[in-house]
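Beneath this line is the structure, given in structure tokens, with notes to follow.
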Amino acid sequence: MKLQVDHLNFSYGKDLPVVLKDISFSVREGEFISLLGPSGCGKSTLLNLLSGIRSGYTGDIFVEDQKITGISAHFAYMPQNDLLLNWRTILDNICLYGEIHHKKKEVIPKALELMDRFGLGGCEQKYPNELSGGMRQRAAFLRTALCEADIYLLDEPFGALDVITRGEMQDWLHDLCAGLHKTILLVTHDTDEAVYLSDRILVLGRAGEGIRDEVVIEEQNRDREWLFRQSRLRSQIHHIISDRESTDEAG
Ligand SMILES: Nc1ncnc2c1ncn2[C@@H]1O[C@H](COP(=O)(O)OP(=O)(O)O)[C@@H](O)[C@H]1O
Ligand SMILES: [Mg+2]
């Protein structure tokens, strides 16, 4: 198994409520998993724990059967609201992590090669405010992709984009993933985004409730037309989300 999360529990403080309760799941190599859940249910917290930038949980995280503690080179993390630095060119933004790790010389040729594939050809010397929202997001994604990690943690990468650009970016990510051979964990609260992109969707309840259920999506040949027809999947997911809510209200 590429990634295994075993009985993860987390709270931000002794007297604060439990955010993540008994979270267990595993991810196969090359699988695309979405974590779908309402605002405040702990999606970003979970990615923070996996990436190692936050500690203090109980439970275990394994990558390829090795227990992980703290920051690990296996994960590339694109946090929510990932920002480009406005005073650096796009190329310098993209190569930021390489520069931090004293590997800028090695990273630049790779960055230049990938910029075309990420729809950023010709933007090397431009500054972030000269680019559209979608292009900035692709630049932030490329910066993450250059980390040479094998598991990508993406926290609502398209959440701040308008609906048309978001659709374009989803199409772009969908096509890109086919050739990327990476294991991806995408956090989203957009059901269609999860259906369109994932091999499997883990549906989270509210904070402290854990994973309610998972939905496997088998179709390999997806496009927008296919997505429009998936009312059965949409309603299955809606049921998982609203079932417990109506029970809660009744109780
Ligand atoms: N630094 C923090 N200190 C205390 N509580 C926090 C902190 N960060 C997040 N929380 C709380 O933890 C819960 C989960 O937050 P988060 O993981 O950001 O949710 P999501 O990403 O699913 O919207 C929320 O109730 C939030 O208010
Ligand atoms: Mg979040």
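The values are calculated or read from the model by the stated rules, or taken from the named source; none is laboratory data. Remember, it's a predicted structure, so these values are computed and weren't measured experimentally. A quick note on method: Cβ atoms are made from the backbone with ideal geometry, for glycine too, and the neighbour counts reach across all protein chains shown.
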Check GLN80 against each of (1) farther than 16 Å from ILE211 by Cα; (2) within 16 Å of ligand 2 (Cβ to nearest atom); (3) buried (at least 18 other Cβ atoms within 10 Å of the Cβ) and name the one condition it does not meet.
-> (3)
Taking first residues from the range 27-55 that are away from ligand 2 (no atom under 13 Å from the Cβ) and second residues anywhere that are of a type in the set (Gly, Ala, Ser) and not in a loop (DSSP other than H, G, I, E, B), the pairs with Cβ under 6 Å that are 6 or more apart or on different chains are SER34/ALA194
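Give, as residue ranges, the strands (runs of 3 or more DSSP E) completely inside the range 18-67 that count at least 3 residues that are more than 8 Å from ligand 1 (Cβ to nearest atom) and surrounded by 18 or more Cβ atoms within 10 Å (Cβ to Cβ).
Details: elements: 18-27, 32-36, 58-63.
Answer list for the range 18-67: 18-27, 32-36.
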Residues being touching a Cys at 6+ places or on another chain (Cβ under 8 Å) and part of a loop (DSSP other than H, G, I, E, B) - total across the range 74-87 | 0
Restricting attention to the range 2-24, which residues are more than 16 Å from ligand 2 (Cβ to nearest atom) and under 19 Å from the mean Cα position of the chain (by Cα)?
-> LYS2, LEU3, GLN4, VAL5, LEU8, SER24
Going through (1) farther than 24 Å from LEU176 by Cβ; (2) away from ligand 2 (no atom under 16 Å from the Cβ); (3) of a type in the set (Ser, Thr, Tyr) one by one, SER72 fails only at (1)
Does LEU131 meet the test of being away from ligand 2 (no atom under 16 Å from the Cβ), closer than 30 Å to HIS101 by Cβ and either at pLDDT 90 or above or not β-branched (Val, Ile, Thr) (or both)?
-> yes
Please work out which one of (1) within 25 Å of ARG138 (Cα to Cα); (2) in the same structural domain as GLY210 (by TED's automatic domain parsing); (3) of a type outside the set (D, E, K, R); (4) loosely packed, with under 15 Cβ neighbours inside 10 Å is the condition TRP87 fails and give its number.
-> (2)
From the option list PHE158, PHE141, single residue qualifying as buried (at least 21 other Cβ atoms within 10 Å of the Cβ) and in a loop (DSSP other than H, G, I, E, B) is PHE158
Tell me, yes or no, whether the range 168-181 has at least one residue that is under 24 Å from HIS74 (Cβ atoms) and at pLDDT 90 or above.
-> no
Looking at VAL107, is it surrounded by 15 or more Cβ atoms within 10 Å (Cβ to Cβ), more than 16 Å from ligand 2 (Cβ to nearest atom) and closer than 28 Å to ASP192 by Cα?
-> no
Note on the range 162-190: residues part of a helix (DSSP H, G or I) and among the β-branched types (Val, Ile, Thr) are VAL163, ILE164, THR165
